[in-house]
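Peer 1: My structure is below; once you've seen it, I'll send some questions.
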Amino acid sequence: MKAWLTQHRQALAAALAKLARQKSASLLNALVIGVALALPAGGYLLLANLQGLARGIALEPQMSVYLRTDAGNADVAALDARLMADARVASVRFVPRDQALSELKELEGAADLIAALGQNPLPDAYVVRGRDAGALDALAAEARGWPGVAQVQLDAAWSRRLGALAGIARIALVLLAALLAAAMIAVTFNTIRLQILVQREEIDVSRLLGATDAFIRRPFFYLGALQGATGGAIALAIVKASVIALNRGVAELAATYGSGFQLAFFGLADSASALAFSVCLGWVGAYLSVSIYLHEMPQ
Amino acid sequence: MISFSGVSKRYPGGLQALREVSLEIGDGELVFVTGHSGAGKSSLLKLVPVIERPSAGTVLVNGQNVGALGRAAIPHLRRNLGLVFQDQKLLYDRTVFDNVALPLAFTGQPPREAARRVRAALDKVGLLGREQANPVQLSGGEQQRLAIARAVVNRPAALLADEPTANLDAEAAARVLEILVAFNQVGVTTIVATHDEALARRFGRRVVRLSHGALEGA
């Protein structure tokens, strides 16, 4: 156990010494990895932020049922009963035309417009929240045929579109991440291969004198993992800097909507897993590189 | 301790390096293997640490058929053998001390114990004062002695030296062989391959001669 720890400490020290000896090359490598990882990480962050924003606006599908202006009380009562009884409906809110008008008046510039009209142009309306988007589709189609109903507007459509777009974006991000992860493994593979060739004599002599494959591999694993870690840290720094830069513009835009929305950076767990992912990729690249070398070479 | 029986070695390409060699080397024995260059001395020595495997016959080390050893077992066999190569295979990017310490790292020796062993090995080959030198700064004979120190630092049961006196002047060559004989005297089984039969005979030990891959007089 003690010998094992000694060996690991020595391997880590050797890897650190190698990185320190080739500062500029190590830094450039880490930068390549960092930039490559920053793309999917940044994309993921944007998507997570947008989804959070969309969720705040409308989570549940919603439809508005506008009544004819000449609808009688009997029609309204029948409609009321029908909506209340429907199993697909989560909640119903009645918005009388007078209330709708006063809500409209509060909007900037609308008051003048309404005054010019002279009379209330708005109909009575129901705002219906459905249990799920699919259920409201069918209900909307039925409601269009009900007596007293002038128009049915399904508000679920845009939220579903947003959801679908987010789904596409997520798939695109996964593909991008997979491609760049492969590229990162290749970068590490080559860096480690170069390092192996530099140390070829030491490796060959060590094997002749009784070093196990595990002993030979160990410092390169640390080297790959360290490179992955620095690359991951650079990626996080790039994303963080981008968030700070973007947030200036975002704050301005959000203010025009009366919102204080800001892009949020990764939490601790997300940052840690991004870093861990990067370390793993470095390790895999190193593993492939050393294993292939050790297999190519006679013992 | 080391036994070759009916060992042949044919390299890819058809070169027949060894023909049916049978040789028994007892525990603690010293054997000089002589012969002209290309006679198969190196090939014979390479079979023991499984740098090469025999094409036919068996090589036993402590009763173990090393030609059949799996890949993973080879490093453990080699740690128990001290190898001195014709071209020394020293690492010129580190000090004399670090060259000798290399095999100790494989087994994760604590630094203090490792340093003690390195100094003891350097002392035995007369290089204790040169531990911080670079191998390049050493003479040919000193480099060969450094290689011997590295071979014995793990206290191996057997020492195999392939042409340790090649490229050395007579005095340096004699010194190197004296050191090897001294290790043998403390119980290390030793095989020394050399083309210089006259020098080998001066020690009055067992000498066998290889010719075109076959043991003479066998």
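The values are calculated or read from the model by the stated rules, or taken from the named source; none is laboratory data. Predicted, not measured: the structure shown is a model, and the values here were computed from it. A quick note on method: Cβ atoms are made from the backbone with ideal geometry, for glycine too, and the neighbour counts reach across all protein chains shown.
Peer 1: Just for the range A:4-23: of the residues that are more than 11 Å from chain B (Cβ to nearest Cβ) and touching a residue at least 40 places away in the same chain (Cβ under 8 Å), which one is surrounded by the most Cβ atoms within 10 Å (Cβ to Cβ)?
Peer 2: Taking the candidates together, the pick is A:15.
Peer 1: May I pose another question? Among the residues of the range A:242-251, are any surrounded by fewer than 18 Cβ atoms within 10 Å (Cβ to Cβ) and within 16 Å of residue A:34 (Cα to Cα)?
Peer 2: yes
Peer 1: Then there is this: Go through the range A:203-236 and report how many residues are under 44 Å from the mean Cα position of the chain (by Cα) and not in a helix (DSSP H, G or I).
Peer 2: Looking only at that region, the number is 1.
Peer 1: Is it the case, given these coordinates, that residue B:84 is among the β-branched types (Val, Ile, Thr) and more than 8 Å from every other protein chain (Cβ to nearest Cβ)? Give the steps one after another, and end with the answer.
Peer 2: Numbers: among the β-branched types (Val, Ile, Thr): yes; more than 8 Å from every other protein chain (Cβ to nearest Cβ): yes.
So residue B:84 passes the test.
Peer 1: Does residue A:53 fit the bill of being surrounded by 15 or more Cβ atoms within 10 Å (Cβ to Cβ), in a helix (DSSP H, G or I) and either in contact with a Cys (Cβ under 6 Å, 6 or more places away or on another chain) or not aromatic (Phe, Trp, Tyr) (or both)?
Peer 2: no
Peer 1: Scan the range B:1-40 residue by residue and report those that are among the basic types (Lys, Arg) and within 29 Å of residue B:72 (Cβ to Cβ).
Peer 2: Residues satisfying the conditions are B:9, B:10.
Peer 1: Could you please give the count of residues in the range A:252-273 that are surrounded by 15 or more Cβ atoms within 10 Å (Cβ to Cβ) and either part of a loop (DSSP other than H, G, I, E, B) or at pLDDT 90 or above (or both)?
Peer 2: Number satisfying all stated conditions: 5.
Peer 1: If residue B:51 meets every condition in (1) more than 9 Å from chain A (Cβ to nearest Cβ); (2) of a type outside the set (Asp, Glu); (3) under 16 Å from the mean Cα position of the chain (by Cα); (4) not in a helix (DSSP H, G or I) apart from one, which number is that one?
Peer 2: (1)
Peer 1: Can you tell me which residue within the range A:195-215, out of those that are surrounded by 13 or more Cβ atoms within 10 Å (Cβ to Cβ) and more than 11 Å from chain B (Cβ to nearest Cβ), is modelled with the highest pLDDT?
Peer 2: Residue satisfying both the conditions and the ranking: A:196.
Peer 1: Buried (at least 16 other Cβ atoms within 10 Å of the Cβ), away from every other protein chain (no Cβ under 14 Å) and either β-branched (Val, Ile, Thr) or farther than 19 Å from residue B:7 by Cβ (or both): which single residue out of B:59, B:66 fits that description?
Peer 2: Values: B:66 fails: away from every other protein chain (no Cβ under 14 Å).
Criteria check complete, one pass: B:59.
Peer 1: Further question: Would you check if residue A:277 is surrounded by 13 or more Cβ atoms within 10 Å (Cβ to Cβ) and in a helix (DSSP H, G or I)?
Peer 2: Against the criterion (surrounded by 13 or more Cβ atoms within 10 Å (Cβ to Cβ) and in a helix (DSSP H, G or I)), residue A:277 qualifies.
Peer 1: Another one. Note down all Cβ pairs under 6 Å where the first residue falls in the range B:169-193 and is closer than 16 Å to residue B:151 by Cβ, the second is in a helix (DSSP H, G or I) and among the polar types (S, T, N, Q), and they're at least six residues apart or on different chains.
Peer 2: Hits for this filter: B:176/B:144; B:190/B:184.
Peer 1: Sticking with this structure for a sec: Which of the residues belonging to the range B:76-100 are closer than 14 Å to residue B:133 by Cα, touching a residue at least 24 places away in the same chain (Cβ under 8 Å) and in a helix (DSSP H, G or I)?
Peer 2: Those that are closer than 14 Å to residue B:133 by Cα, touching a residue at least 24 places away in the same chain (Cβ under 8 Å) and in a helix (DSSP H, G or I): B:96, B:97, B:99, B:100.
Peer 1: Restricting to the range B:91-110, what's the tally of residues that are more than 16 Å from residue B:156 (Cα to Cα) and either facing chain A (nearest Cβ under 8 Å) or of a type in the set (Ser, Thr, Tyr) (or both)? Even if it seems obvious, please write down each step before you answer.
Peer 2: Taking the range B:91-110 first, the residues more than 16 Å from residue B:156 (Cα to Cα) are B:91-99, B:108, B:110.
Then keep just the ones that are either facing chain A (nearest Cβ under 8 Å) or of a type in the set (Ser, Thr, Tyr) (or both); that gives B:91-93, B:95, B:108, B:110.
Result for the range B:91-110: 6.
Peer 1: Given the conditions (1) of a type in the set (S, T, N, Q); (2) in contact with a Ser or Thr (Cβ under 6 Å, 6 or more places away or on another chain); (3) not in a loop (DSSP other than H, G, I, E, B), and given that residue B:132 satisfies all but one, which numbered condition is not satisfied?
Peer 2: Here residue B:132 clears every test but (3).
Peer 1: Can you say whether residue A:172 is surrounded by fewer than 16 Cβ atoms within 10 Å (Cβ to Cβ) and among the aliphatic types (A, V, I, L, M), as far as the supplied structure shows?
Peer 2: Spelling it out, residue A:172 is indeed surrounded by fewer than 16 Cβ atoms within 10 Å (Cβ to Cβ) and among the aliphatic types (A, V, I, L, M).
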